[in-house]
Amino acid sequence: MMEFDRAEHDNDRVEKTGENGINTETPAPDTEAHRESCEDREEPQKSWSLERNWGFTLEELFKLALKFFKEMNGKAFNPTYEENLRLVALHKQITIGPYDPKACSEIGFFDVLGSDRRKEWLRLGSMAKEDAMEDFVKLLNSCCSLFAPYVTSHKIEKEEQEMRRREEEERLRLEREEQERRRLEEEARHREEEERRLKEEEQRGKEEAERLQIERQKQHIMAVLNAQTTVQFQQYAKQQYPDSPDQQQLLIRQLQEQHYQQYIHQALRLQQMALQKQQDSNVTQTPEALSAPVSDEAALTCNPNSQSNSLENQEQQTDSKTFQLCVEGKTGEVPIIAPSMWTRPQIKEFKEKVVQDQDSVITVNQGEVLTVRVPTHQDGSQLFWEFATDHYDIGFGLFFEWKDLTKPASTETTETKEGTEQVKGEEQAGQGRCPLVHEVVPVSRRDSHEEVYAGSHQYPGQGVHLLKFDNSYSLWRPKVVYYRVYYTR
């Protein structure tokens, strides 16, 4: 503040350079003249009010005015002596308060400027600080026309700063919102991944449990099936690889797996037949028949649990697979054990071995069905067969002709290889009846040009096995068949 007073005191005594370059000193005017001049200048400012939109508070506006006065006094504007005294007095009134002679030091007799300032300060009396600020701004605005643009520029700068501040706040707000959104999305994604992982683990657990259950049931079924076919498969393996135990064991395992698959396939086929039979019977049955119990055959299901239960029940019987037949003229069961069938890839070696026996190579002409009749042997218990073809597939089926069971004669005729059996059948047909023939393996096309098809079937009784090679679907190509049949004890 003392520096501000000294600057103003020096400014009153500074030598001013006129247009003619002569330095003159501004004399201190008379006190009365100073007062009148100030009153005359203040009178037109009554209409001027700080209600004008300066964009600053009173304190901020005073600080801008004081800064402008210190920087621009004597440069951008030159206030009069009276205006300078008034401005300095108002500044003292704002910063120090009303004039107090006790608190102020004495001034010299020749210090006219200091005395005038004291008088002007004293004239303000007990003016409030806010009123003094308002008068300071009003007086400075009236003294210098550059003050209003100065305030306006600072106002624009303040607005720009405010706008940048709001933009920065808005940017930060958006960033926070974006971070919060990403955080929520990340949490939601983690929750979804965790839920999906738990579901996948649960699903894998269920699938593993089902797999283990199916595997256990498969092992149980295979154990029962293997107990029935072990001797047969061992005999067959010894014939195929007499000097290689390892090859025998490998072949036995392959045969056991194929036997299991055939068993499952046969079980499904039986189930379909039973369901179809039940549906057919439901169409024609009477209301009383609706309450009849379902047969054991119709209760067979295709899922592993039912297969296992069915197999356990069948273990207590004489055979694991039986077909229920109703023979004309009598009632009862005719046990027909399902055959075991498999394939092996050694087709070239098989043909080379079979071709040495000319009777084991036959030709089935186009549109023809050839039947090979193999009677049961009194010393045998099981029939084995193997066959392959050149270049093309052929149909194959297995039937069993009973020796002691007959049915009414039909007009059907078949081409056979065993003339004696055919004659016997003709004699029976002449008597009005013919032997009962049961289908063991339905005729279907086999890719015997790619693999050797083999199988075995336990004798159901005395009769003749009929191996049918069907080429009736071919209109142009005959088929060459390499086959071999034998029995085991």
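The values are calculated or read from the model by the stated rules, or taken from the named source; none is laboratory data. Owing to the predicted nature of the structure, the values given are computational and were not obtained by experimental measurement. Reconstructed Cβ throughout: ideal geometry from the backbone, glycine too, with neighbour counts over all protein chains shown. Note: areas computed on protein heavy atoms with side chains; ligands, DNA, RNA excluded. Shrake-Rupley method; radii C 1.70, N 1.55, O 1.52, S 1.80 Å.
Let me check I've understood the local charge: for ARG445, count other residues with C-beta under 10 angstrom from its C-beta, Lys and Arg +1, Asp and Glu -1. What total comes out? Please list the in-between numbers first.
Numbers: positive: ARG446; negative: ASP393, ASP447, ASP470.
In short, -2.
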Please sort 247-254, 190-197, 464-471 by packing, taking for each peptide the average over its residues of neighbouring beta carbons within 10 angstrom, highest first. 464-471, 247-254, 190-197
Under 5 Å between amide H atoms, partner at least 5 residues away or on a different chain: which partners does SER381 have, H built in plane at 1.01 Å? THR488, ARG489
Backbone HN-Hα couplings from phi across the stretch 336-353 [Karplus 6.51/-1.76/1.60, Hz, Gly and Pro as x]: 10, 7, 5, x, 9, 10, 7, 10, 9, x, 6, 6, 5, 5, 5, 5, 4, 6
Hey, any idea what Rg/Rh is for the stretch 56-172, computing Rh the Kirkwood way over Cα pairs? 1.11
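Considering only protein heavy atoms and a 1.4 Å probe, what is the carbon-and-sulfur percentage of the accessible area of the stretch 50-144? Before the final figure, lay out the partial values.
Details: 2510 of 4900 Å².
Whole-percent figure for carbon plus sulfur exposure: 51.
Quick check: at a probe of 1.4 Å, how many percent of the accessible area of the stretch 334-379 sits on carbon and sulfur atoms? Write out the running numbers ahead of the final one.
Working: 1140 of 2400 Å².
Carbon-and-sulfur percentage of accessible area, whole number: 47.
Of all the accessible heavy-atom surface of the stretch 156-274, with the other protein chains kept in place and a 1.4 Å probe, what percent is carbon and sulfur? Show your work: numbers first, answer last.
Numbers: 4410 of 8730 Å².
Ligands and nucleic acids excluded, carbon and sulfur give 51 percent.
For the stretch 50-144, what is the accessible area per residue in Å² when the probe is 1.4 Å?
Values: 4900 Å² over 95 residues.
Here the per-residue accessible area is 52 Å².
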Using the Karplus curve 6.51 cos²θ - 1.76 cosθ + 1.60 with θ = phi - 60°, work out ³J(HN,Hα) for each residue of the stretch 191-206 in order, rounded to whole Hz, and write x for Gly and Pro. 5, 4, 4, 5, 5, 5, 5, 5, 5, 5, 5, 5, 5, 4, x, 5
Once amide H atoms are placed 1.01 Å from N in the peptide plane, what residues at a sequence separation of 5 or more from LEU405, or on another chain, have their amide H within under 5 Å of its amide H? LEU436
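Between ASN282 and VAL355, what FRET efficiency follows from the Cβ-Cβ distance if R0 is 51 Å, with the result rounded to 0.05? List each step's numbers first, then the result.
Numbers: r = 54 Å, r/R0 = 1.07.
With R0 = 51 Å, the Cβ-Cβ based efficiency is 0.40.
If you wrap a convex hull around the alpha carbons of the stretch 156-274, what volume per residue comes out, as a whole number of Å³?
Numbers: hull volume 26.0 nm³, N = 119.
In the stretch 156-274, the Cα hull volume divided by residue count equals 218 Å³.
How would you order 80-86, 105-111, 144-150 from highest to lowest mean count of nearby Cβ atoms within 10 Å? Intermediate values should be presented prior to the final figure.
Details: 80-86: 21.9, 105-111: 8.9, 144-150: 15.0.
The most tightly packed comes first, giving 80-86, 144-150, 105-111.
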Sparsely packed trypsin sites (Lys or Arg not before Pro) within the stretch 89-140, loop by DSSP, other Cβ within 10 Å at most 12: LYS102
